[in-house]
Amino acid sequence: MNTYFNEITAKPVNTDGGKILYKIPAGAMCANGDLGIVFDQDEKGLVIHISKCDFWKFSPGAHGDGGIKTVGEIRIGNVNLNEYNIKQYFDKGLLNCSFGNVGMQFFVAPENMIYFEIKSPESTPAPTVGIRLPDTCNSKNAEYENDGLRCFERRFEGKDLERMSAVAVCLRQIDTRTQDGIVCTRYCIAVATNFDDENYAEKACALVISCDYNRDRTRTAEKWKNFFSASSVTLEDKEIELFYNASLYHLAGCMGNKGFPPGLFGNFVTDDFFPWAGDYHMNYNYEAPYYCIFSANHPELFDGYMTPVNEMREYAKKFACLFGCKGYAFPVSFGPKALDVFTQPDCKEHGILFLGQKSNAAYACVIPLMHWFSTFDKMYAKENYYDFVFNTAAFWEDYLVKKNGRYEIRNDAAHEIPYYRGEKFNALTHAGQIRTVNAINSLGLVKMLFKGVYNMAKELGLNAEKYALWEDINENLSDFPTFIKHGKKCFRYSKFGIRWRDDNTVGLQHIYPASQIGLDSNEKLLKIAHNTYFINDRRLDDNGSNSYLPAGARIGVDPAFLIEGIKQNIKEFGLPNKLFRHHGGGIEHLTTVPATINEMLLQSHEGVIRLFPCWDKTSPAEFTNLRADGAFLVSAKLKNEQISSVRIKSLQGKVCNVQDFGITRIVRDADKQEILFTKNGNTVCFETQKDAEYVLQ
């Protein structure tokens, strides 16, 4: 089975009894990292939505009509959609479509051009092609011809907006030819925004004039071939393997614009009214799609992550001051270019939607810290995120309260407090939350933050004056709160405040993604983690399966339970296009399968590389170039309950620690030199050279 291939054999279903389903589209998708298309239909024919990561309306305020907006639609008529077949080739970035006697091919080229080809019998009415721009949210639209090109513009501008945004769409019919009674017509659509070029309309026209169908189809195929060659996972269960590859494809499809990384719904928005303005939610939703990218050896997908985070630094300083602290603090959400979707005058917290949470900037640090430990790229860290991590730590240096030698976190809610209700908010109902002490997710995030900033600063030779304080915080931050539930000792959501919730996975996020408990943790802590994990089954949680399942791998639960959870997610929420239609968030659920599988096959967050640590050893599996902490690329095979074909490439020349699987010999591949190693209990340790690969036998 080709797990880079997917076939859709029915029209996408986006309504139920006339009611629009949650806005995760079911139609075939194709994207290049910035520009995306989504297949749909209406009573008039085929509809293909166009969206782009950087087309937003910059209307300020929590309840404004700002947010990410759709670009427009390609409309194709005279097509029989009752006979429906679309083949998705993820490793080629290609869609081949068959609608009755009409065939089509679509791809989105790296240069933000949509190419398509339509083949139809000469004896039947020719399919019609048009562009439609929505006129919602007070956009200013224009349509005109320019040297034979059909051009369209959509703009949001005005004194009430933080900035103007505009997009141009240019359609060109490239050529038409007839052979054996079949008419083949090729088209190109170029899309450019004012963030691509201030002369965006001229940019779109220039692109479409210089288009070359065959050249750009080859370039697109090469791009996706190179993407999937960076790593691979081979499983016995081909359905899971298909969703693994499809998830990475869809993530890469919306993570290519370095100035505008994806919000909640990436670049598959199909109208102007997506929930929460499609913004950047910092209390897990923005971060979650990135959980899997480093272990899957795609650190390049991180390149845009810090842009909106760093653009918020001036606001972050002001917000920290509201709490009497230095450094950086974040509200729950914002948009690109520091778009204000967080101001609400009747909100009780300074008119800003913090929703009782001080941990949002700390959560934002999780992903750069993952990048740091998996790459140890010093120059990149200094240029992109050290300042943000350092200043977030500075906030917590002030905000933490030291009592009886231990650092506490006060007045920081584990779950959102609904201050967004404004005048209708009842403080008495939420008194416990408001006075929360030691929310468990915040403890995990702050532990990760100070361990990370300390390690990074020492590697970079920066801020030595802080080391003693950071060491003290690392050693004396409060323990995770516990309580007895169902007769077992479990983690409590906070020492004072919320004890437990039966939805979401806040009570486990100190395990994953904050990485504070794992297989090296002491037995008592692991036992509490297991008790907590199984209080109730969160595998299908709308706001938590993407952390619940990987957390299970981190603490070594039964792998059959995790595989069953993946299968349940596929059955209950998997769509024909291989997205997941949960009812909380959007692209965050694309991380569920790859993050879980990668953690089951390889773990390294505690400084030791573990091969197949949470995998059924009777089920064959293989992976190449998964990335481990310490900047190692690891490949291995499991067959007949034996681990073999183990190769480790050292990208930074760090000392390598590997859990012993019967290692008797380590050979440097380049010169076949046998390498000395030591054993400490069940761990093998050896020195490495930068960019050298080692074979472990």
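The values are calculated or read from the model by the stated rules, or taken from the named source; none is laboratory data. Bear in mind that the values here come from a model prediction, so they are computed numbers and not experimental data. All Cβ positions, even for glycine, are placed from backbone atoms using ideal geometry, and neighbour counts span all protein chains on display. Note: areas computed on protein heavy atoms with side chains; ligands, DNA, RNA excluded. Shrake-Rupley method; radii C 1.70, N 1.55, O 1.52, S 1.80 Å.
Which of the residues spanning segment 580-609 are farther than 17 Å from L242 by Cα, open to solvent by less than 10 Å² (accessible area, probe 1.4 Å) and among the small types (G, A, S)?
G584, G585, G586
Take S51 and decide whether it is out of contact with any Asp or Glu (no Cβ under 6 Å at 6 or more places or on another chain), of a type in the set (S, T, Y) and open to solvent by less than 10 Å² (accessible area, probe 1.4 Å).
On the way: out of contact with any Asp or Glu (no Cβ under 6 Å at 6 or more places or on another chain): yes; of a type in the set (S, T, Y): yes; open to solvent by less than 10 Å² (accessible area, probe 1.4 Å): yes.
Criteria met by S51.
Provide a single number: the residues in segment 418-452 that are free of Cβ contacts under 8 Å to residues at least 60 places away in the same chain and touching a Pro at 6+ places or on another chain (Cβ under 7 Å).
Total satisfying the criteria: 1.
Condition first: of a type in the set (F, W, Y) and either open to solvent by 50 Å² or more (accessible area, probe 1.4 Å) or under 13 Å from D54 (Cβ atoms) (or both). Now tell me which residues in segment 146-174 satisfy that. Before you say what the answer is, go through the steps one by one.
Narrowing segment 146-174 to residues of a type in the set (F, W, Y): 152, 156.
Within segment 146-174, F156 is the sole residue that qualifies.
Scan segment 265-276 and report the pairs whose first residue is touching a residue at least 24 places away in the same chain (Cβ under 8 Å) and under 17 Å from R132 (Cβ atoms) and whose second residue is not basic (K, R) and not in a loop (DSSP other than H, G, I, E, B), with Cβ atoms within less than 7 Å and a gap of 6+ or a chain change.
Listed pairs, sorted by first residue: V269/S51; V269/I68; V269/G278; T270/V38; T270/D40; T270/H49.
Would you tally the residues in segment 373-414 being assigned to a loop (DSSP other than H, G, I, E, B) and open to solvent by 30 Å² or more (accessible area, probe 1.4 Å)? Give the steps one after another, and end with the answer.
Of the residues in segment 373-414, the ones assigned to a loop (DSSP other than H, G, I, E, B) are 376-377, 385, 400, 404-405, 409, 411-414.
Narrowing the set further to residues that are open to solvent by 30 Å² or more (accessible area, probe 1.4 Å) leaves 377, 404-405, 411.
Within segment 373-414, residues that are assigned to a loop (DSSP other than H, G, I, E, B) and open to solvent by 30 Å² or more (accessible area, probe 1.4 Å) number 4.
Within the group I118, I114, which residue is among the aliphatic types (A, V, I, L, M) and touching a Ser or Thr at 6+ places or on another chain (Cβ under 8 Å)?
Details: I114 fails: touching a Ser or Thr at 6+ places or on another chain (Cβ under 8 Å).
Answer to the check: I118.
Are there any pairs, at least 6 apart or on different chains, whose C-beta atoms fall under 8 Å, with the first in segment 519-538 and within 16 Å of I440 (Cα to Cα) and touching a residue at least 40 places away in the same chain (Cβ under 8 Å) and the second hydroxyl-bearing (S, T, Y) and open to solvent by 50 Å² or more (accessible area, probe 1.4 Å), and if so, which?
Close Cβ pairs (under 8 Å, with a partner that is hydroxyl-bearing (S, T, Y) and open to solvent by 50 Å² or more (accessible area, probe 1.4 Å)) amount to I528/T482.
Would you call P275 surrounded by fewer than 24 Cβ atoms within 10 Å (Cβ to Cβ), modelled with pLDDT under 95 and within 21 Å of the chain's Cα centre (by Cα)? Quick ask: steps written out before the conclusion?
On the way: surrounded by fewer than 24 Cβ atoms within 10 Å (Cβ to Cβ): yes; modelled with pLDDT under 95: yes; within 21 Å of the chain's Cα centre (by Cα): yes.
Yes, satisfied.
Name the residues in segment 532-572 that are over 17 Å from V506 (Cα atoms), assigned to a helix (DSSP H, G or I) and either at pLDDT below 95 or not hydrophobic (A, V, I, L, M, F, W, C) (or both), would you?
Once the filter is applied, which keeps residues that are over 17 Å from V506 (Cα atoms), assigned to a helix (DSSP H, G or I) and either at pLDDT below 95 or not hydrophobic (A, V, I, L, M, F, W, C) (or both), segment 532-572 yields P559, E564, G565, K567, Q568, N569, K571, E572.
When segment 105-114 is examined, which residues are found to be in contact (Cβ under 8 Å) with a residue 24 or more places away in the chain and either closer than 11 Å to L207 by Cβ or part of a strand (DSSP E or B) (or both)? Give the derivation first.
Step one: list which residues in segment 105-114 are in contact (Cβ under 8 Å) with a residue 24 or more places away in the chain, which gives 106-114.
Once the filter is applied, which keeps residues that are in contact (Cβ under 8 Å) with a residue 24 or more places away in the chain and either closer than 11 Å to L207 by Cβ or part of a strand (DSSP E or B) (or both), segment 105-114 yields F106, F107, V108, A109, E111, N112, M113, I114.
Report yes if K92 is of a type in the set (K, R) and open to solvent by less than 10 Å² (accessible area, probe 1.4 Å), otherwise no. Steps first, please.
Working: of a type in the set (K, R): yes; open to solvent by less than 10 Å² (accessible area, probe 1.4 Å): no.
The answer is no for K92.
If you scan segment 419-462, which residues turn out to be closer than 27 Å to F491 by Cα, open to solvent by 60 Å² or more (accessible area, probe 1.4 Å) and at pLDDT below 95?
L428, T429, R435, listed by residue number.
Return the residues of segment 27-46 that are surrounded by fewer than 24 Cβ atoms within 10 Å (Cβ to Cβ) and in a strand (DSSP E or B); say none if nothing qualifies.
D40, Q41, D42, G45
Any idea which of (1) under 29 Å from the mean Cα position of the chain (by Cα); (2) more than 30 Å from E300 (Cα to Cα); (3) touching a residue at least 40 places away in the same chain (Cβ under 8 Å); (4) open to solvent by 20 Å² or more (accessible area, probe 1.4 Å) is the one R219 doesn't satisfy?
The one condition R219 does not meet is (2).
State which residue is farthest from the chain's Cα centre (by Cα) when the search covers only segment 61-77 and only residues that are at pLDDT 95 or above and open to solvent by 20 Å² or more (accessible area, probe 1.4 Å).
Only one residue tops the list, namely R75.
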